[in-house]
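So the structure is just underneath, and the comments pick up after that.
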Amino acid sequence: MRAVVRLAGALMVVAAMSMATDGPAEAAAPQWSTIAAGENHSCAIRSDASLYCWGYGADGALGDGTILAHNEPKRIGRFAQWRSVAVALRHSCAITTSGALYCWGSNDDYQLGDGSQTAHLTPTRVGTSTKWTSVTAGNEHTCARHATGSIYCWGDNHYGQIGIGDHFDRTTPARVGTSTSWVSVRASAVRTCAVHASGALYCWGYNRSGELGDGTTTDRFTPTRVVSSPGWAGVAIGKNHTCAVRTSGSLYCWGFNGYGQLGNGTVQDRIRPARVGGSSGWTSVAAGDYDTCARQRSGSVYCWGDNRSGQLGDGTTSERHVPRKVGVSTDLHGLWIGAASGCALKSTGNAYCWGWNGWGQLGTGDRLDRKLPTKVSAAAPS
């Protein structure tokens, strides 16, 4: 009897792993161009520029005009000119192909940037500019890069995560410093990091575990340079840790390490960047609350850290302190990590998610956690 049970379990794992491999059936699935995973919900844009969201819907986080949760992708309005999307704890933001910025969901701390504290159940315009190039969302603050190369932030600023020199909230976009040479910006939880055109990396906000990487545990209210030489290509922010890829392809992490999310084989916090292994083949990185995932040039994705909900995508719930491969595919890109879940795209345009699914944020049509990448369901009729 035990042999039968073991065989059945093995067959289930093999079946799940097959979802992360290419196959003829993938051709009929929706073609997704970008995907974003948040705390309890996810959003994605299709190749026709239409926007879909699913998961936790309270406060209008999904933008479909309701406060209902959805276990499968739900189209947001009839507008089909979306270019990028970002999701956070209870709000979402997206940029149109014309460069206009919209936000929706919870607005208790002015994170929607419309000057009010009124939650919005559908996308609501932020200002009048049509020059926004990217947007990112923290728990209750939002930042965006303007075509001028400037960064603007707004919303909750208790720990200085807006980066304007004080701890007062901002109701509308406020410019961060005077630089017009910012390349990218990333917000998460209660801090923000950005890559400068010089290759230097700056972070600001909460720093009790050294997650700003400046060699201290002091909160910062303005952009503060990470202790390192220039040469940073991209950055990812978890709840209390930070990881970044260098132009050389090497990967570094720092901050809280209680679950091994820094990937260096220990559980010791680091207040300065610490290298992850010896590989120089990393192309991108993403971070969840207590886990981290990164993509290799080969197209394989590796994850490490907390794995209680299967968010490392390795078929187990075992905590990992060094990188562990996700599934068997070598065709994953567009990597995005939520609080305890992950999502990625394949070259076919199909989306796969794994990990915690308590609100249906994996888009699989149910609320069952997944330990391996599982294809996102076909979009619901609109």
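Every number in this text was worked out from the coordinates using simple rules, so none of it is lab data. Computed from a predicted model, the values in this text were never measured in an experiment. Quick reminder, even Gly has a Cβ in these numbers, built from the backbone with ideal geometry, and neighbours come from all protein chains shown.
Remarks
- Percent RCO, i.e. relative contact order, over the chain, from Cα pairs under 8 Å lying at least 6 residues apart: 14 percent
- Whole-angstrom gap from segment 88-126 to segment 247-310, using each part's C-alpha centre: 31 Å
- Within straight-line reach of LYS375, meaning a Cα separation under 17 Å, sit the following lysines at least 8 residues removed in sequence or on another chain: LYS74, LYS346.
- Entry for P(r) over Cα pairs in 20 Å bins from 0, in percent (calculated from the structure that is shown) out of (1) 31, 60, 8, 0; (2) 21, 41, 33, 5, 0; (3) 24, 46, 23, 7, 1: (1)
- Segment 144-301, relative contact order in percent, only Cα pairs under 8 angstrom and at least six apart counted: 16 percent
- Measuring nothing but how far apart in sequence close Cα pairs (under 8 Å, 6+ apart) lie, relative to its length, segment 258-331 scores a relative contact order of 31 percent.
- Result for the chain in a Gaussian network model with C-alpha springs under 10 Å: among SER298, SER284, SER150, the largest mean-square fluctuation is at SER298.
- Anchor LYS239: aspartates and glutamates whose Cα lies under 15 Å away (excluding residues fewer than 8 positions away in-chain): GLU39, GLU140, GLU211, ASP219, ASP269, ASP289, ASP291, ASP306
- Virtual spin-label span in nm between ARG175 and SER198, 7 Å along Cα→Cβ: 1.9 nm
- Neighbours of ALA80, meaning other residues whose beta-carbon lies under 14 angstrom from its beta-carbon, give a summed charge of +3 when Lys and Arg score +1 and Asp and Glu score -1.
- Cross-link partners of LYS371 among lysines, defined as those whose alpha carbon lies under 17 angstrom from its own and excluding same-chain residues fewer than eight positions apart: LYS325.
- Of the residues LYS346, LYS131, the one with the fewest other Cβ atoms within 10 Å heads the list, and the complete ranking is LYS131, LYS346.
- Among the trypsin sites (Lys or Arg not before Pro) in segment 29-114, those placed in a DSSP loop whose Cβ has at most 10 other Cβ atoms within 10 Å are ARG78.
- Taken along the Cα-to-beta-carbon direction at a fixed 7 Å, the label points for THR222 and SER248 span 3.1 nm.
- Distance between the C-alpha centres of segment 191-235 and segment 47-62: 31 Å, rounded to the whole angstrom.
- The distance between label points at SER279 and THR330 comes to 1.2 nm (points 7 Å beyond Cα on the Cα→Cβ vector).
- With viscosity 0.890 mPa s and temperature 25 °C, the Kirkwood radius over alpha carbon pairs of segment 46-136 converts through Stokes-Einstein to a diffusion coefficient of 191 µm²/s.
- Assigned charges on the beta-carbon of Lys, Arg, Asp, Glu; segment 213-280 dipole about Cα centre (debye): 100 debye
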